[in-house]
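Enquirer: Take a look at this one; I'll ask things after.
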Amino acid sequence: MRIVALAGGIGGARFLRGLLAVTPSSEITVIGNTGDDISLYGLRVCPDLDTVMYTLGGGINEEQGWGRQKESYVVKEELAAYGVEPQWFGLGDRDFATHIVRTQMIDAGYPLSAVTEALCARWEPGVRLIPMSDDRTETHVVISDEQGRRAVHFQEWWVRLRASVPAEQIILVGADEAKPAPGVLQAIADADVVILPPSNPVVSIGTILQIKGIREALEAKTVVGVSPIVGGAPVRGMADACLTAIGVDTTAQAVLELYGSPLMDGWLVAEEDAGTALDGVLVEARPLIMHDVESAGAIAQAALDLATEIAARRGTAPQGEDAR
Ligand code: FO1
């Protein structure tokens, strides 16, 4: 079966690990969020792409959900000794190598999609990881604090401020010009099913949906999403701060409505949100907490089963032996 998944950071990567476990013979293409990307110390850092690559490639720091395992921070300490800013973003020594290779290739003229493919040749994540766009985009957040009203990079709001200052606006800088990366629209067109993992609906899934042509391409497919909100709270991260910033309630219902019924065909919600409903969308309730690969796999299988059910009702059952 050909599966396309849109993915952000930690929640998305952990879900994908479960999806791979339950459909080992499927062809999975992951469209990765690049709105979190940031340039630091002259290097281009792609947090969500790296989280997927490291998590599926076996190099992730499991407790953090980002960065490398067995990490050290000598370069970070030395930069701090020189008073180099910022000091609030924890880049480890092993992780620096990824950003050096990436920056070298970008400076040599390779597009981000080619760079990502080259980095994945080492990590062998078991999926095809394509950035949502090769064009530069960055999520910036408008805040007001003692320094007045200003825009800060998403990472500063997320990591330094811990989203403690309300986001007045969340803006994807570069969205107007950015085009889908090569292969993105084709992968969607070829997909038997598209899955939206429980990534942040605003700064991960929402960001990818802003890239010209992606939402329209997805509306033609069977799309099943997994709610990132359980019982009125995000499963992890600070999706609630992001949803509040765009005036959306932190509920499974509100996120489904944010994605909308032209896009969504199926929606997996937690049992406490079983009342979630939207015309044209098949909603199913089941446990949604991912404790380990096993539980993530069970959720992924439920999403695939829901897609099969939807396609069967439409008479367009997805191909492939994994479809049950
Ligand atoms: N998140 C943090 O909360 N603190 C950090 O110091 C931090 C460093 C970091 C370095 C590399 C990387 O790929 C991710 C990193 N993250 C850190 C996570 C990152 O902010 C998030 O993964 C996303 O951008 C949101 O999904």
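Enquirer: Testing Met1 on (1) surrounded by 20 or more Cβ atoms within 10 Å (Cβ to Cβ); (2) under 23 Å from Leu185 (Cα atoms), one condition comes back false. Which one is that?
Expert: Of the numbered conditions (1) surrounded by 20 or more Cβ atoms within 10 Å (Cβ to Cβ); (2) under 23 Å from Leu185 (Cα atoms), the odd one out for Met1 is (1).
Enquirer: Looking at Gly12, Gly35, which one is crowded, with 24+ Cβ neighbours inside 10 Å and either closer than 19 Å to Ala191 by Cα or away from the ligand (no atom under 16 Å from the Cβ) (or both)?
Expert: Only one candidate qualifies: Gly12.
Enquirer: Here's another thing I want to ask about it. Show the residue pairs meeting these rules: Cβ distance below 6 Å; 6+ apart or different chains; first residue within the range 222-241 and more than 18 Å from Ala5 (Cβ to Cβ); second residue open to solvent by less than 10 Å² (accessible area, probe 1.4 Å) and more than 16 Å from the ligand (Cβ to nearest atom).
Expert: From residues that are more than 18 Å from Ala5 (Cβ to Cβ), the pairs are Ile229/Ala252; Ile229/Val255; Val230/Ala270.
Enquirer: Any idea how many residues of the range 218-258 are in a loop (DSSP other than H, G, I, E, B) and either open to solvent by less than 20 Å² (accessible area, probe 1.4 Å) or of a type in the set (Val, Ile, Thr) (or both)?
Expert: Qualifying residue count, the range 218-258: 8.
Enquirer: Could you tell me which numbered condition Ile60 fails, if it satisfies all but one of (1) within 11 Å of the ligand (Cβ to nearest atom); (2) closer than 30 Å to Ala217 by Cα; (3) not charged (D, E, K, R)?
Expert: That leaves (2) as the condition not met.
Enquirer: Name, by its number, the condition in (1) within 12 Å of the ligand (Cβ to nearest atom); (2) modelled with pLDDT under 95; (3) not hydrophobic (A, V, I, L, M, F, W, C) that does not hold for Arg160.
Expert: With (1) within 12 Å of the ligand (Cβ to nearest atom); (2) modelled with pLDDT under 95; (3) not hydrophobic (A, V, I, L, M, F, W, C) applied to Arg160, the lone miss is (2).
Enquirer: Going through Arg17, Arg68 one at a time, which residue ends up being within 10 Å of the ligand (Cβ to nearest atom), surrounded by 18 or more Cβ atoms within 10 Å (Cβ to Cβ) and either touching a residue at least 12 places away in the same chain (Cβ under 8 Å) or more than 27 Å from Pro201 (Cα to Cα) (or both)?
Expert: Arg68
Enquirer: Continuing with the same structure: Kindly evaluate Ala298 against the criterion of being small (Gly, Ala, Ser), without any contact (Cβ under 8 Å) to a residue 60 or more places away in the chain, over 30 Å from Val173 (Cβ atoms) and not in a loop (DSSP other than H, G, I, E, B).
Expert: Details: small (Gly, Ala, Ser): yes; without any contact (Cβ under 8 Å) to a residue 60 or more places away in the chain: no; over 30 Å from Val173 (Cβ atoms): yes; not in a loop (DSSP other than H, G, I, E, B): yes.
The answer is no for Ala298.
Enquirer: Just to check your reading of the model, which residue among Gly126, Gly83 is at pLDDT 95 or above, away from the ligand (no atom under 15 Å from the Cβ) and touching a Leu at 6+ places or on another chain (Cβ under 7 Å)?
Expert: Going through Gly126, Gly83 in turn, just one is at pLDDT 95 or above, away from the ligand (no atom under 15 Å from the Cβ) and touching a Leu at 6+ places or on another chain (Cβ under 7 Å): Gly126.
The values are calculated or read from the model by the stated rules, or taken from the named source; none is laboratory data. Predicted model, so just to flag it, every value in this text is computed and none were measured. Note that we place each Cβ from the backbone using ideal geometry, even for glycine, and neighbour counts take in every protein chain shown. We work out accessible area using only protein heavy atoms, side chains counted, and drop any ligands, DNA or RNA first. Shrake-Rupley method; radii C 1.70, N 1.55, O 1.52, S 1.80 Å.
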